[in-house]
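The values are calculated or read from the model by the stated rules, or taken from the named source; none is laboratory data. Bear in mind that the values here come from a model prediction, so they are computed numbers and not experimental data. When we count neighbours, we look across all protein chains shown, and the Cβ atoms used for this are built from the backbone with ideal geometry, even at glycine. These accessible areas exclude ligands, DNA and RNA; they are computed on the full protein's heavy atoms, side chains included. Shrake-Rupley method; radii C 1.70, N 1.55, O 1.52, S 1.80 Å.
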Amino acid sequence: LFKPASIAVVGASRTHGKVGYEVLRNLQTHGFEGRLTPVNPSAKEILGLPCKPSCRAMESPPDLVVIAVPTAAVDGAVEDALEAGAGALIVITAGFKETGAEGAERERRLAERCRARNVRLLGPNCLGLINVHHRMNASFAKHMPTPGGISVLSQSGALLTAILDWAAERRLGLSKMISMGNKADLSETDFIEALADDPDTRVIVGYLE
């Protein structure tokens, strides 16, 4: 999740402003050095990168799959990623337990499917993840912080965006920015444990609900 060598962006888009476009552009423009694959069955290439119609069509399993498709398409996208052998998933899409009982049931099934394959899940309903020292902005936030020793984890994507804006104005260095969203699988407990052992993190800041 933190240091993937390959990332697939499912729902990558050619339309400026769409989440799938912004995530792919952030990964590309902020210097992610691994293999980057947009997944979109309706496009041959996006931002100069060759597209694949599915994760299963990739030459090798992606370490990380970022899913930014409409809610109704999430189940199929997750199954495709799991079948392809993905190591971890970030589901940015909203429309789960924050919407009520039906959404909560969809989220429960999503977490169970990932758990059955031993694949960790960030989200759903989240901003994404930034690892500054790995030059990875797998989010749709507009700022990439300068490298520093402060890692921030937040249930609220809006607050995380505000912190990124504030840090950019003050040139405050950050290490990792984690938007937990609905916490269907990974929660603050998991991330605090991981960050405590992270050599790039000296301070952990958490906004928790």
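Filter the range 68-95 down to the residues that are over 14 Å from Cys126 (Cβ atoms), within 16 Å of the chain's Cα centre (by Cα) and among the small types (Gly, Ala, Ser) and list them by number.
Within the range 68-95, Ala77, Ala81, Ala86, Gly87 meet the criteria.
Listed residues Leu82, Leu89, Leu24, Leu36; which is touching a Leu at 6+ places or on another chain (Cβ under 7 Å) and not in a strand (DSSP E or B)?
Leu24
Tell me whether the range 127-134 contains one or more residues that are part of a helix (DSSP H, G or I), modelled with pLDDT of 95 or more, of a type in the set (Val, Ile, Thr) and open to solvent by less than 20 Å² (accessible area, probe 1.4 Å).
Residues of the range 127-134 part of a helix (DSSP H, G or I): 132-134.
Remaining after also requiring modelled with pLDDT of 95 or more: 132-134.
Filter once more, so that each one left must be of a type in the set (Val, Ile, Thr): 132.
Then keep just the ones that are open to solvent by less than 20 Å² (accessible area, probe 1.4 Å); that gives 132.
Yes; the residues of the range 127-134 include at least one that is part of a helix (DSSP H, G or I), modelled with pLDDT of 95 or more, of a type in the set (Val, Ile, Thr) and open to solvent by less than 20 Å² (accessible area, probe 1.4 Å).
Could you please tell me which pairs satisfy a Cβ distance under 6 Å, a separation of 6+ or placement on different chains, a first residue in the range 99-125 that is aliphatic (A, V, I, L, M), and a second residue that is open to solvent by 90 Å² or more (accessible area, probe 1.4 Å)?
Close Cβ pairs satisfying both conditions: Ala104/Lys97.
Hey, among the residues in the range 55-79 that are acidic (Asp, Glu) and within 25 Å of His134 (Cβ to Cβ), which one's surrounded by the most Cβ atoms within 10 Å (Cβ to Cβ)? Talk me through it step by step, then tell me what you get.
Our first condition is that a residue be acidic (Asp, Glu); within the range 55-79, this holds for 59, 63, 75, 79.
Remaining after also requiring within 25 Å of His134 (Cβ to Cβ): 59, 63.
Working: Glu59: 8, Asp63: 18.
Selected residue: Asp63.
Is it the case, given these coordinates, that Glu105 is more than 30 Å from Ser60 (Cα to Cα), part of a helix (DSSP H, G or I) and over 16 Å from the mean Cα position of the chain (by Cα)?
yes
Scan the range 65-83 residue by residue and report those that are of a type in the set (A, V, I, L, M) and in contact (Cβ under 8 Å) with a residue 60 or more places away in the chain.
Hits for the range 65-83 are Val66, Ala68, Ala73, Ala77, Ala81.
Cβ-Cβ distance below 7 Å, separation of 6 or more or different chains: which pairs start in the range 28-51 with a residue that is more than 23 Å from Asn131 (Cβ to Cβ) and end on one that is among the basic types (Lys, Arg) and open to solvent by 30 Å² or more (accessible area, probe 1.4 Å)?
Listed pairs, sorted by first residue: Ala43/Arg14; Cys51/Lys44.
Going by the conditions given, is Glu98 within 18 Å of Arg120 (Cα to Cα) and surrounded by fewer than 22 Cβ atoms within 10 Å (Cβ to Cβ)?
No: the conditions fail for Glu98.
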